[in-house]
1. From Ile20, Ile13, Ile41, grab the single residue that is part of a helix (DSSP H, G or I), in contact with a helix residue (DSSP H, G or I) (Cβ under 6 Å, 6 or more places away or on another chain) and open to solvent by 40 Å² or more (accessible area, probe 1.4 Å).
2. I'm told Arg179 meets every condition in (1) modelled with pLDDT of 95 or more; (2) of a type in the set (D, E, K, R); (3) not in a loop (DSSP other than H, G, I, E, B) except one. Can you identify the failing condition by its number?
3. Condition first: touching a Phe, Trp or Tyr at 6+ places or on another chain (Cβ under 7 Å), at pLDDT 75 or above and either in a helix (DSSP H, G or I) or open to solvent by 30 Å² or more (accessible area, probe 1.4 Å) (or both). Can you find one or more residues in region 55-75 that meet it?
4. Within region 90-106, track down each residue that is touching a Lys or Arg at 6+ places or on another chain (Cβ under 8 Å) and crowded, with 21+ Cβ neighbours inside 10 Å.
5. Restricting the search to region 23-38, which residues are open to solvent by 40 Å² or more (accessible area, probe 1.4 Å) and under 23 Å from Thr141 (Cβ atoms)?
6. Quick one: in region 148-176, which of the residues that are β-branched (Val, Ile, Thr) and closer than 21 Å to Ser133 by Cβ is farthest from the chain's Cα centre (by Cα)?
7. Being surrounded by fewer than 18 Cβ atoms within 10 Å (Cβ to Cβ), hydrophobic (A, V, I, L, M, F, W, C), modelled with pLDDT of 95 or more and closer than 21 Å to Ile20 by Cβ narrows it down to one of Phe142, Phe109, so name that one.
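The values are calculated or read from the model by the stated rules, or taken from the named source; none is laboratory data. It should be emphasised that the depicted structure is a prediction, and the values quoted were computed from it without experimental measurement. Positions of Cβ are generated from backbone atoms using ideal geometry, with glycine treated the same way; all protein chains shown enter the neighbour counts. Accessible surface areas use protein heavy atoms only, side chains included; no ligands, DNA or RNA. Shrake-Rupley method; radii C 1.70, N 1.55, O 1.52, S 1.80 Å.
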Amino acid sequence: MSEQTTFDINQVIEQAKAVITNPVAYFQTMPKTGGFGPPVIFVAVMGAVMGLITAVLSLFGSAAGMLAAGLGAIIIMPIFAVVGAFIGAAILYVIWKLMGSGESYETAFRCQASVAAIYPITALLSIVPYIGSIVMIAWATFLIIEASVSVHGRERRTAQIVFGILAALMILSNIASERAARQIEARMAHMGSQFEGIEDLSPEEAGRKMGEFLKGLEEGANKAPDDRGD
């Protein structure tokens, strides 16, 4: 089965719809070979849409840095998505080989690239804390399990156990990372609020405010070991 190697937005849209609405049928008919061009294009487009959604969502943020990061995502996301697809495919290729699959790395890459269809949806869900990452990992795992059965001919139960365990570990890791990032963001926002209007203060008042801030940091650092001891 031959594939069109030039960019065709309609082909990309149809592939995304097939992966999202009927993944079983999609993987049963997915070409296993045909070059890296079509899947790379698909991943890049999905990454660009994800970056665009991120940029739009950043417009609702008040910080200029957030807006700049959002606009940069339009360029960065497609690159990261393609690089991540190659790395992810290499990991999947090894796992599938250990599970007894005889398919090539190109086939593994095509399976991994298909997961990019969910990127725009999970980008929208990212506005809800923790939900975006959890849904993305769970949904991607479901797609990889279907690929394991339909493309690689592995038993469903085996695939569910292997990728289910990996998904659980990834979800726990992502929740911990996101929680830590949100705590840091909250602390930075609190620190920033303490210095609002400092440019309007006299040098003496600004110095006193800075001293109070540093004293608070010192007390927090000294309190941390005591808390651990308790």
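1. Exactly one of Ile20, Ile13, Ile41 is part of a helix (DSSP H, G or I), in contact with a helix residue (DSSP H, G or I) (Cβ under 6 Å, 6 or more places away or on another chain) and open to solvent by 40 Å² or more (accessible area, probe 1.4 Å), namely Ile20.
2. (1)
3. Looking through region 55-75, none of the residues is touching a Phe, Trp or Tyr at 6+ places or on another chain (Cβ under 7 Å), at pLDDT 75 or above and either in a helix (DSSP H, G or I) or open to solvent by 30 Å² or more (accessible area, probe 1.4 Å) (or both).
4. Of everything in region 90-106, just one residue is touching a Lys or Arg at 6+ places or on another chain (Cβ under 8 Å) and crowded, with 21+ Cβ neighbours inside 10 Å, namely Trp96.
5. If the condition is that a residue be open to solvent by 40 Å² or more (accessible area, probe 1.4 Å) and under 23 Å from Thr141 (Cβ atoms), then Val24, Gln28, Thr29, Lys32 are the ones that fit.
6. If we take residues in region 148-176 being β-branched (Val, Ile, Thr) and closer than 21 Å to Ser133 by Cβ, then Val162 is farthest from the chain's Cα centre (by Cα).
7. Phe142
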